[in-house]
Each structure stands twice: as C-alpha cells, then as structure tokens.
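Here the structure is laid out as structure tokens; the discussion comes afterwards.
The values are calculated or read from the model by the stated rules, or taken from the named source; none is laboratory data. As the structure is a prediction and not an experimental result, all values here were calculated from the model. Virtual Cβ from ideal backbone geometry, glycine too; neighbours counted across all protein chains shown.
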Amino acid sequence: MNWLKYALKRLLMLIPVIISVTFILFIILSLAPGDVARMVLGQDATPEQVAELNAQMGLDKPLLVRYVRYMVDAFKLDFGRSWTGNFDVLKEFSHRLPYTLLVSTLALLFATSIGIPLGIASAIKQYSLLDYGSTFMVMLLFSMPAFWLGTMCQILFCLTLHWLPVSGVGSWKNFILPPIILGANTMASMIRMSRTSMLDVIRMDYIRTARAKGNSNKDAIIHHAIRNSLIPVVTQIGISFAGTIGGAVVTENIFAIPGIGSMLINAVKSRDVPVVMGTVIFITIIVGVINLIVDLICAIVDPRIDLAS
C-alpha cells in the first residue's frame with residue numbers, strides 16, 4: 001500500500017501548488033492596465049453602466065477578498081462564468097478538453113514510437129550513418145519553432161498538395177498534421193534522451209559481465225540494457241506530455257482546433273479572469289496527476305525505487 005500513501009501525499013501537495021500559482025496569476029491579471037468592465041461594455045458605455053458591471057463582477061472589492069472568494073467557490077467546483085462570453089467555465093472546459101487531450105496524446109504517441117527506437121538504435125550503432133542522421137534530425141527539429149513549422153507544413157500539405165484539410169476538426173484527417181507539428185520537438189527530445197541513456201547503460205559493468213558469460217550482444221541489450229535505459233526516458237515522457245498540453249496553445253491556434261489552448265489565449269487577451277484562472281487550475285491538476293503516474297510507472301519499471309522513502 002506504499003504506492004497508495006505516496007499517491008495521496010502527492011495529490012495533497014497539489015493544493016499549495018494550486019494556491020501559489022493562482023495567487024500570482026490573480027495579482028498579475030488584477031494589476032494589468034485597462035478597465036475590464038469598459039472592455040466588455042465598449043467605449044460608449046456610461047460611467048454608471050461601468051460601475052454597475054464592476055459591482056456585478058465583484059471588481060469593486062479589495063484584491064485579496066476577490067481572490068479568497070474565487071478560491072472558495074473553486075474548491076466547490078464553481079469556477080464562475082466568463083465575463084466576455086457569459087458561458088460556464090467548467091462546462092466549456094470539459095467540452096474543449098477532449099480535443100486538447102486527443103492532439104496531445106497523438107503527438108506523444110508519434111514522438112515516442114519514432115523517437116525512442118531511433119534513439120536506442122543510434123546508441124547501439126554509435127558513430128554510424130544512422131547515428132549522424134538522427135543527430136542532425138534532432139538539431140533540425142530543435143531549431144524550428146512550432147508556429148513556423150506548422151505554417152510551412154500547412155502551406156505545403158494543405159494549400160499546395162491538398163492532401164489534408166487546412167483547419168477544423170471535421171474528420172480524422174484534421175488530426176494528422178497537428179499532432180506531428182506538436183510532437184516534432186518532443187520527438188527530438190526522445191531521440192536525444194533515449195540515445196544518451198542507452199549509451200550510459202551499455203557501458204556498465206553488468207553489460208560487460210553478461211557478454212562475458214556468453215550472452216550475445218543482442219541478448220545483452222534486449223534483456224538487460226533496454227529496460228534499465230528506459231527509466232529516465234519514462235520520466236521524460238511524463239514531462240513531455242505536460243509540455244504538449246502547454247504547447248497545444250500554438251498548434252490549436254494555427255489549425256483552428258477548439259481546445260483549451262485557444263480558449264486560454266482569447267481569455268488572456270480579453271482579461272477574462274474566471275476563464276484564465278479556471279483553465280490554469282485544471283492544467284495544474286492535469287500536470288500534477290501526469291507526474292504522479294510517471295513516478296508510479298518508474299517504480300514499476302525499476303524495483304530499486306522505494307516510494308515509501
């Protein structure tokens with residue numbers, strides 16, 4: 001039951017993390033220049049209308065009072081309504097979250113299915129043409145920003161060759177190019193991490209011992225090296241998945257995917273505090289749970305990891 005105690009402890013640790021992140025964000029949004037009520041009503045609104053809307057949104061109260069009230073409601077799963085769109089934040093987030101999770105999951109599957117085998121093969125065939133080619137690919141993918149790569153691929157595959165739709169979520173073809181663009185940088189990280197980890201493992205003494213006992217190089221790698229080399233890679237997968245959720249902001253805007261990324265961007269532009277705060281809380285919880293799952297998987301892969309300690 002050590003894993004259960006560890007999981008509960010980690011979940012409880014999310015509470016101070018959420019409070020810290022949201023408090024800093026709330027201060028930044030509150031101190032940003034401009035009048036939110038004036039932005040919602042327009043420049044033609046009278047001072048009386050602006051004052052009335054400020055009172056309705058609670059903006060006439062002190063900052064600390066507004067934050068405490070919001071967090072009390074948030075712990076009751078009441079994240080309020082959008083100031084600009086007048087929609088329920090929780091319902092809108094639950095409607096948009098599947099699109100973001102789908103794109104992020106497909107991006108991670110694309111990155112791991114290609115990056116990990118390629119990185120391991122590069123380590124086994126060190127200084128070969130495959131190794132140099134994969135190293136060049138890593139440098140190339142790291143040097144290309146997602147917004148530039150997405151725009152170029154959109155022009156080539158969508159507008160020029162007409163192989164894929166430009167934007168939207170109308171069919172399965174809409175979910176081919178966005179995960180590739182989102183997972184390109186992650187794939188480069190996977191190649192580099194798995195190659196480095198594999199190189200460290202195959203130089204260990206127990207690998208030499210396995211070979212000295214008569215095991216072939218293939219058996220020593222398959223039965224001894226690969227499993228031990230995957231421990232830091234599994235950790236990297238969890239970090240990368242959390243990163244893809246954040247990186248989906250750019251991809252969703254390029255391909256007009258109605259996920260949480262595009263909702264967050266629009267809310268920040270309009271200083272829609274309930275939407276921004278609610279989205280950040282949800283993302284913090286998701287990232288925390290993902291990191292917890294990764295730690296538990298690492299404990300399964302490597303029995304030497306003691307969760308109780």
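Out of L29, L4, L77, I need the residue that is of a type outside the set (S, T, N, Q) and at pLDDT 85 or above. Which one? Before you say what the answer is, go through the steps one by one.
On the way: L29 fails: at pLDDT 85 or above; L4 fails: at pLDDT 85 or above.
Selected residue: L77, the only one of L29, L4, L77 that is of a type outside the set (S, T, N, Q) and at pLDDT 85 or above.
Every residue in the range 165-224 that is hydroxyl-bearing (S, T, Y) and more than 30 Å from R96 (Cβ to Cβ), please. I'd like the intermediate steps shown before the answer.
Our first condition is that a residue be hydroxyl-bearing (S, T, Y); within the range 165-224, this holds for 167, 171, 186, 189, 194, 196-197, 206, 209, 216.
Answer for the range 165-224, where residues must be hydroxyl-bearing (S, T, Y) and more than 30 Å from R96 (Cβ to Cβ): S194, T196, S197, Y206, T209, S216.
Which ones in the range 113-146 are of a type in the set (G, A, S) and closer than 20 Å to A248 by Cα? Talk me through it step by step, then tell me what you get.
Residues of the range 113-146 that are of a type in the set (G, A, S), as a first pass: 113, 115, 119, 121-123, 128, 133-134, 143, 146.
Hits for the range 113-146 are S113, G115, S143, A146.
Go through (1) assigned to a helix (DSSP H, G or I); (2) touching a helix residue (DSSP H, G or I) at 6+ places or on another chain (Cβ under 7 Å) for F79 and report which single condition fails.
Here F79 meets the rest and fails (1).
Please state which of the following conditions S113 fails to meet, knowing it meets all the rest: (1) out of contact with any Ser or Thr (no Cβ under 7 Å at 6 or more places or on another chain); (2) surrounded by 13 or more Cβ atoms within 10 Å (Cβ to Cβ); (3) touching a residue at least 40 places away in the same chain (Cβ under 8 Å).
(3)
Of the conditions (1) within 30 Å of S229 (Cα to Cα); (2) within 23 Å of the chain's Cα centre (by Cα); (3) aliphatic (A, V, I, L, M), L149 fails just one. Which one is it?
For L149, the exception is condition (1).
Working carefully through the options A45, A55, A74, find the one that is outside the structural domain of I254 (by TED's automatic domain parsing), closer than 27 Å to G247 by Cβ and of a type in the set (G, A, S). Let's see the steps before the verdict.
Details: A45 fails: closer than 27 Å to G247 by Cβ; A55 fails: closer than 27 Å to G247 by Cβ.
None of the others qualify; the one that does is A74.
Of everything in the range 145-175, what is without any contact (Cβ under 8 Å) to a residue 60 or more places away in the chain, crowded, with 16+ Cβ neighbours inside 10 Å and hydrophobic (A, V, I, L, M, F, W, C)? Give them in sequence order. Give the steps one after another, and end with the answer.
Of all residues in the range 145-175, those without any contact (Cβ under 8 Å) to a residue 60 or more places away in the chain come to 145, 148-149, 152-153, 155-165, 170-173.
If we keep only those that are crowded, with 16+ Cβ neighbours inside 10 Å too, we end up with 149, 153, 157-158, 164-165.
Listed by number, the residues that qualify are L149, C153, F157, C158, L164.
Could you tell me which of the residues F241, F255 is closer than 30 Å to A121 by Cα and modelled with pLDDT of 80 or more? Steps first, please.
Numbers: F255 fails: closer than 30 Å to A121 by Cα.
When all the criteria are applied, what remains is F241.
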